[in-house]
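Participant: Quick one: this structure, given as structure tokens, is what I'll be asking you about.
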Amino acid sequence: MTPATVLDLPMSPQAALSRPRAFVELERVTHTYGRGERQVQALMETNLRIEEGDFIALVGPSGCGKSTILKLVTGLINASSGYVYVAGREVGAEPVRVGMAFQNPTLLPWLTLLENVMLPLKIVPPFRQEYRAKRKSEFRDRIEALLSQVGLAGFSNKYPWQLSGGMMQRASLCRALIHEPQLLMLDEPFGALDQFTREELWGVMQELWMTRKPTVLLVTHDLKEAAYLANRICVMQARPGRIIDDSAVPFPRPRTIVMSYYPDFTALTQRLREMIVHAQPAKEAAP
Amino acid sequence: MNQQLRRRMGSTALIIGFFVVWEVLCLGFGVRDIVLPRPSEIVITLVSRFPGIWPHAVQTIYTTLVGFALGILFGVLIGVLIGSSRLAYDVGYPLLVGFSSIPKVAVVPIFVLWFGAGTVPAVLTAMILCIFPIVVNVATGLATTEPELEDVMRALKASKLDILINVGLPRAMPYFFASLKVAVTQAFVGTVIAETVASNKGIGNLMMIASSSFDVPLVFAGLLILAVLGVGLYVLFSFIEVRVTGWARRNDEFAMG
């Protein structure tokens, strides 16, 4: 663990070298989309450190670069400038298993639920080799177990279009988790669900995190969700996107939905809300 | 189920009705068989001269299927290339459109020059006629793959080949099968063109000889055979299509396995 004081030091190259790297580290990352006049600065000189096994939520107004951070950390896009490190290496080269769940379930319609969840095991080492060495039935049992953990027991042979949106999203979470990722990226995975399904899945997510301890980066619009799930909440500002607040969530685990109505919980979400609302004018000021 | 049965019976009745009307009109207006033979005459010709027609039909089926198979092979390869690479798309597409705009009858003599008259030019003509729809459809299917589906794979650090096999190709399957239905009829056209121009075997050749001796019922018998063969292959590929791409139509039979 890095001493907290080091965090406040200015980033000189020497300091960056001498300091042990966090599991995920963004170092003065700037990212712009497009070119010329239509250029949009999504992220501006952003630093972020995530320790292994931590659960971070990114909140902020739309267009503040939350999803950009996720895409940078997974290597789906490359930073315009600055460095992204995962497990001490520049992103892309790291031997880290990554799981990702998106706002849409993005299940492959020609595969059954079982086959969809099986997909990462066909791709990601070391499971890839084991898959070829026909440990398929073992994998199948594992998938069935995970599916029943999220309430999808008995649906493994259904096709995605035969299921409701909530069920597809559950399956999508399973697909993000089946290969035991060390790093889990959640891009508003509960955003399109009704409130009750959402709250139920928060519980499932918390349980999964507590048993497996992956490092999680959750992007969300829902402040209650962030406060319920995360250990740390980073508040972002829009255009240019940057992190303006980074605070720990003190509530003990396992957290419950009832806790979310306690005064200190609502006080936290209230404070986050204020911060995001005040972060808005910057958006108007910079065209 | 009852409704489906009624629909099938209705369509069958209409198809039979078409031939009945043809028969009746020919009889009613006294059309001579040298102009337009009646369906019954065509069938009689077909049955009575079957031993003579059969080797030609076999030759045509053989040529078409070989050309079609080659067309699928190269069509899918070129389609994958064009659909997954920007450069190949920019270079390949204009070339392909230009090439397919050339009337294929004009190409047959060139093939004959290169390979001599016979089966090879017919196979090649069938191939180049059916390759275009396959390439275009496979390329379209790959190029329109949802970026989100690719992101799922890229987040898993999948290679380009992994993405192609697990996402691109299955996604392109409905497009591919749609193109096969067009392509298989095109392959027949290609074969028959080549057989009419330069061959001593095949339905195309048979029809050439029959029409030069004004044996019109035999010409129509040849046409009938071609039509039946075309419908047969079409049905075959429709059958495979439902099995493979039922997900795209959210077909419940497909979901039952």
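The values are calculated or read from the model by the stated rules, or taken from the named source; none is laboratory data. Computed from a predicted model, the values in this text were never measured in an experiment. Backbone-built Cβ (ideal geometry, glycine too); neighbour counts: all protein chains shown. Calculation scope for accessible area: heavy atoms of the full protein, side chains included, ligands and nucleic acids excluded. Shrake-Rupley method; radii C 1.70, N 1.55, O 1.52, S 1.80 Å.
Participant: Against the longest principal axis of chain B, how steep is helix B:86-101, in degrees 0 to 90 to the nearest 10, with axes from Cα atoms?
Facilitator: 10
Participant: Using a 1.4 Å probe over the heavy atoms of the protein chains, calculate the carbon and sulfur portion of the accessible area of region B:76-168 as a whole percent.
Facilitator: Working: 3290 of 4510 Å².
It is 73 percent, rounded to a whole number.
Participant: Which net charge results for the neighbourhood of A:Gly92, defined as the other residues with beta-carbon distances under 11 angstrom from its beta-carbon, given Lys and Arg at +1 and Asp and Glu at -1?
Facilitator: Spelling it out: positives minus negatives among the neighbours equals +1.
Participant: Another one. Please give the average number of partner chain Cβ atoms lying within 10 Å of the Cβ of each residue in B:151-164, rounded to a whole number.
Facilitator: Partner-chain Cβ atoms within 10 Å, mean over residues of B:151-164: 6.
Participant: Additional query: In the structure shown, do any of A:Lys136/B:Lys181; A:Lys158/B:Lys181; A:Lys66/B:Lys157 have a Cα-Cα gap over 31 Å, and if so which?
Facilitator: Details: A:Lys136/B:Lys181 36 Å; A:Lys158/B:Lys181 29 Å; A:Lys66/B:Lys157 21 Å.
Long pairs (Cα-Cα over 31 Å): A:Lys136/B:Lys181.
Participant: Please report the net charge: other residues with Cβ closer than 15 Å to the Cβ of B:Thr119, K and R +1, D and E -1.
Facilitator: Combined, the nearby Lys, Arg, Asp and Glu give 0.
Participant: A follow-up question, please. For helix B:119-143, what angle does its Cα long axis make with the longest principal axis of chain B, in degrees from 0 to 90 and rounded to 10?
Facilitator: 40
Participant: Between A:Asp245 and residues 5 or more places away or on another chain, which pairs have amide H atoms under 5 Å apart, with H built 1.01 Å from N, and which residues are they?
Facilitator: Here the answer is A:Val235, since their amide H atoms fall under 5 Å of that of A:Asp245.
Participant: If you take the beta carbon distance between B:Val182 and A:Arg273 as r and set R0 to 56 Å, what does 1/(1 + (r/R0)^6) give as a FRET efficiency, to the nearest 0.05?
Facilitator: It comes out at approximately 0.45.
Participant: Checking an interface number: how much accessible area is buried between A and B, summed over both chains, with a 1.4 Å probe, in Å² rounded to 100? Walk me through the intermediate numbers first.
Facilitator: On the way: alone 14030 and 14990 Å², together 26950 Å².
Buried area (both sides, nearest 100 Å²): 2100 Å².
Participant: Local charge sum around B:Ile163 (other residues, Cβ-Cβ under 15 Å, Lys/Arg +1, Asp/Glu -1)?
Facilitator: Net charge in that neighbourhood comes out at +1.
Participant: Kirkwood Rh, the protein assembly as shown, all Cα pairs: how many Å?
Facilitator: 28.2
Participant: Okay, helix-only estimate at 222 nm for the protein assembly as shown: each DSSP H run of n ≥ 4 adds -39500 (n - 2.57), divide by all residues, round to 500 deg cm²/dmol; what do you get?
Facilitator: Rounded to the nearest 500, it is -19000 deg cm²/dmol.
Participant: Considering every residue in A:117-123, what mean count of other chain Cβ atoms within 10 Å of its Cβ is obtained?
Facilitator: Working: counts 0, 0, 7, 5, 1, 5, 9.
That average works out to 4.
Participant: Can you grab the distance from the C-alpha centre of region A:133-198 to the C-alpha centre of region B:91-163, Å, no decimals?
Facilitator: Their Cα centres are 38 Å away from one another.
Participant: A further question follows. What nm value, rounded to one decimal, do you get for the distance between A:Met259 and A:Arg38 when each label is placed 7 Å out toward the C-beta?
Facilitator: 4.7
Participant: Quick check on packing: order B:128-136, B:15-23 by the mean number of other C-beta atoms within 10 Å, highest mean leading. Please list the in-between numbers first.
Facilitator: Working: B:128-136: 25.1, B:15-23: 12.1.
Descending mean neighbour count gives B:128-136, B:15-23.
Participant: Modelled label-to-label distance, B:Leu224 and B:Ala143, 7 Å Cα→beta-carbon offset: nm?
Facilitator: Reported label-point gap for B:Leu224 and B:Ala143 is 4.4 nm.
Participant: Roughly speaking, what is the stretch gain from B:Arg32 to B:Ser213, that is 0.36 nm per residue apart minus the C-alpha to C-alpha distance, in nm to one decimal? Before the final figure, lay out the partial values.
Facilitator: Numbers: separation 181, 0.36 × 181 = 65.16 nm, distance 1.58 nm.
Using 0.36 nm per residue and subtracting the Cα-Cα distance, I get 63.6 nm.
Participant: Could you work out how far helix B:39-48 tilts from the main Cα principal axis of chain B, as a 0 to 90 degree angle to the nearest 10?
Facilitator: Compared with the principal axis, the helix lies near 90 degrees.
Participant: Could the peptides B:29-36, A:172-179 be put in order, highest first, of the mean number of other beta-carbon atoms found within 10 Å of their residues?
Facilitator: Output ranking for B:29-36, A:172-179: A:172-179, B:29-36.
Participant: Further question: Keeping all protein chains in place, calculate the accessible area per residue for the protein assembly as shown (probe 1.4 angstrom), answer in Å².
Facilitator: That works out to 50 Å² for each residue.
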